[in-house]
Amino acid sequence: MEQSRSQRMMHLFINGLAASAGGGLTYIRNVVPHLAATSDLRVTVLLGPELRDELRGLPNVAFEELRASSVRRFWYEQAELPGLIRRCRADVLLSAGNFALRNSPVPQILLSRNSVYTSAEFFRDLASRHEYREWLVTRVKASLAKRSIGWADATVAPSEAFAAELHGWTGARIHAIHHGFDRAAFTRDSSPLAAEVVDKLQSAEGSLKLLFVSHYNYYRNFETLLRALPLLRDRLPGRRVKLLLTCKLASGENPGSYRPEAAARLVKELAVDDLVVELGTIPYSQLHQLYRRADLYVTPAYTETFAHPLVEAMASGLPVVASDLPVHREICGEAARYFPCFSPEELANRVAEVMNNTDLAARLSACGLKRSEAFSWKRHTDELLSLAASLLAGKNAAN
């Protein structure tokens with residue numbers, strides 16, 4: 001007789017279709033290998049083509065693939081995905097992209113990790129840019145994300161701060177499970193950076209190199225960072241400053257619908273062309289080489305849920321200057337200096353404070369290295385699987 005589900009190893013189905021850029025890709029590419037190494041677990045992952053080659057060949061992991069627009073993806077998830085989950089004989093569904101299935105055939109864990117849906121600042125920002133279509137689309141998505149928390153059996157946020165924000169938004173219980181970091185995996189790839197990138201980095205040698213890892217979007221608040229650059233000339237006399245960006249401020253060079261033209265014009269208006277180094281997208285596996293070449297990590301984001309680059313920067317020994325968000329304080333603690341999100345003056349002051357004080361920079365660096373050790377992808381997956389097992393046990397007990 002075939003074993004019952006309670007007697008078999010757990011079969012986890014991951015809906016990773018929304019992992020197409022940024023933190024979503026980082027999450028899937030780190031979590032799936034750890035799940036593959038977990039005994040008594042089978043995994044099926046539904047994903048887009050971005051990670052196909054990178055994740056192939058993992059033990060105990062099967063892949064389903066779909067290329068679809070966000071509208072078609074949502075329709076597919078609600079109409080077709082339940083049948084696929086049944087055919088795969090999965091036990092638990094992990095919805096990794098902010099939206100849950102309305103009628104999941106198995107217990108469902110929702111990963112909620114998009115803070116723009118709860119950010120009043122983001123909607124004000126869109127209105128100020130006259131991005132009314134984006135404002136409306138985001139409102140609709142926010143409504144669906146809010147409903148999704150009610151549809152899921154459990155919702156997980158990547159930080160205590162964002163869990164509290166989601167609880168205040170919905171009244172639902174939210175589980176906080178920190179995202180992780182794996183130093184060995186992060187630094188494994190030693191292949192050289194593209195020649196164009198190397199040339200740009202070499203041209204910045206001898207300068208104070210500030211690094212900001214992000215494709216262009218509005219909530220990362222590039223404009224405040226750009227406005228701080230001319231102020232740094234005054235705060236750091238006699239020192240050249242370069243801002244290294246892992247994007248290009250040009251139309252068509254970034255994922256999503258965010259328009260970088262205003263930021264590009266601001267670079268011209270401020271006359272800081274010579275300070276901004278647009279490296280373009282750097283493969284995730286090579287990012288560690290970029291962190292090693294920088295002197296300080298900076299982020300002016302006005303909303304976040306976790307911010308993987310902060311952990312990567314701390315693990316790389318960089319002092320950090322970050323906007324004063326509860327999430328940033330939770331992740332960095334004493335390893336960063338903080339400034340009000342929309343103050344280029346205070347951003348420049350904090351950078352100058354760190355860069356003019358070698359003892360402070362060394363202290364932040366040492367604190368960051370230690371703080372980065374608090375984050376582990378294995379710990380994350382262990383807590384996630386514990387939650388999945390409890391949901392499955394509850395279902396079995398009810399039956």
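Give me S191, S390, S323, S376 sorted ascending by neighbouring Cβ count inside 10 Å, so fewest comes first.
S191, S390, S376, S323
With only Lys, Arg, Asp and Glu charged, each at its Cβ (+1 for the first two, -1 for the last two), find how big the charge dipole of the chain is about the Cα centre; round to the nearest 20 debye.
I would put it at about 640 debye.
Note the full-extension length gain between Y132 and N103 as 0.36 nm times their separation in residues minus their Cα-Cα distance, in nm to one decimal.
7.3 nm
Give the peptides 263-275, 23-35, 226-238 in descending order of average Cβ contacts within 10 Å, highest first.
Listed from highest to lowest mean packing, they are 23-35, 226-238, 263-275.
Once you put a point 7 Å from the Cα of S207 and another 7 Å from the Cα of A164, both along the Cβ direction, what distance in nm separates them?
In this crude label model, S207 to A164 measures out at 3.8 nm.
Treating the beta-carbon of each Lys and Arg as +1 and of each Asp and Glu as -1, no other charges, what is the dipole magnitude of region 188-372 about its Cα centre, to the nearest 20 debye?
240
Return the FRET efficiency for the residue pair E353, L58: r is the Cβ-Cβ distance, R0 is 45 Å, and the value is rounded to the nearest 0.05.
It comes out at approximately 0.50.
Pairs of alpha-carbon atoms within less than 8 angstrom and 6+ residues apart define the contacts here; what relative contact order does region 111-214 have, in percent?
Value for region 111-214: 21 percent.
Which FRET efficiency value, to the nearest 0.05, is calculated for N396 and A184 with the Förster distance at 35 angstrom and r the Cβ-Cβ distance?
0.45
Can you give the charge dipole size of region 279-330 about its Cα centre, rounded to the nearest 20 debye, using +1 on the beta carbon of Lys and Arg and -1 on the beta carbon of Asp and Glu?
Result for region 279-330 is approximately 180 debye, rounded to the nearest 20.
Which shape class, rounded, prolate or oblate, goes with region 188-372 when its Cα gyration tensor gives a ≥ b ≥ c as root eigenvalues, a/c under 1.5 marks rounded, and past that a/b bigger than b/c marks prolate?
The shape class here is rounded.
How do M314, M10 rank when sorted from fewest to most other Cβ atoms within 10 Å of their own Cβ?
Exposure proxy ranking, most exposed first: M10, M314.
Taking the Cβ of R259 as the centre, find all other residues whose Cβ is under 14 Å away and add up their charges (Lys, Arg: +1; Asp, Glu: -1).
Charge balance in the 14 Å sphere: -1.
For region 139-224, which trypsin sites (Lys or Arg not before Pro) are in a loop by DSSP, counting at most 14 other Cβ atoms within 10 Å?
For trypsin sites (Lys or Arg not before Pro) across region 139-224 that sit outside H, G, I, E and B with at most 14 neighbouring Cβ atoms in 10 Å, the list reads R173, R188.
Return the aspartates and glutamates within reach of K242: Cα separation strictly under 16 angstrom, same-chain partners fewer than 8 residues apart disregarded; answer none if there are no such residues.
D199, E205, E223, D234, D273, D274, E278, D295
Given the rule -39500 (n - 2.57) for each run of at least 4 DSSP H residues, summed and divided by the residues of the chain, what is its mean residue ellipticity at 222 nm, to the nearest 500 deg cm²/dmol?
Rounded to the nearest 500, the figure is -14000 deg cm²/dmol.
Which of the residue pairs K146/K378; K141/K378; K200/K248 have a Cα-Cα distance greater than 19 Å in the structure shown?
Long pairs (Cα-Cα over 19 Å): K146/K378; K141/K378.
At what distance in nm do the modelled label points of A195 and R265 sit from each other, each positioned 7 Å from its Cα along Cα→Cβ?
For the pair A195/R265, the computed spacing is 3.7 nm.
No value in this document is a laboratory result; all are computed from the given coordinates. Because the structure is a prediction, the values reported are computed rather than measured. No Cβ is skipped: glycine too gets one built from the backbone with ideal geometry, and neighbour counts run over all protein chains shown.
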